[in-house]
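Reading through the structure tokens given below for one structure.
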Amino acid sequence: MKALACILLALASLPAVAQHHPAPYAGQEARSIKALSGKEVADLLAGAGMGYAKAAELNRYPGPMHALEHADALALTRAQRDALSSLMASHKAEARAIGARLVEQERELDTLFAARRADAASVDAALARIAETTARLRGSHLKTHLEATRILTPEQVERYAQLRGYASGGGHDHHGRHHR
């Protein structure tokens, strides 16, 4: 009898439990672009990194923004500061333009579904455009790290990694090649 009472009590509490655990997307249906948060839209429009350059950053290819943040600790020359500043400005302009295009493409995809006009062909076409733009954006971020690395000396690259907390090793990959 006690076991039956426990089961009934447990069953009676199930609806209440379900009400306290909404679907993972609950609340996101009000977004203007369902697949992007407001922060993601703002970051794309601002040309923010959004983790697109991790493959470079975490393999000792410094980014110009963080190199400039550590300019004194890296003992950057005036020429290096100017070159990194110029690189950063041109990259940000490019990243903002590509990011704006990506936001627009995500809006177009969202509109396909919101207007109930989505079909396999239109979704495939929209996703192909989004993928191409995303690749261009990521490429812009990664190539900027390549350029920044060319501006720095090997010692500055190693110091950058230390300042960013990545390693205290010798700046070589697992094959012993120096990143330059």
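Using alpha carbons only, the radius of gyration of the stretch 35-163 set against its Kirkwood radius gives Rg/Rh = 1.11. In order along the stretch 150-159, the phi-based Karplus estimate (6.51 cos²θ - 1.76 cosθ + 1.60, θ = phi - 60°) of 3J(HN,Hα) comes to 5, 7, 8, 7, x, 5, 5, 4, 5, 5 Hz; Gly and Pro are listed as x.
Bear in mind that the values in this text are calculations on the coordinates, not laboratory data. All of these numbers come straight from a predicted model, not from anything done at the bench.
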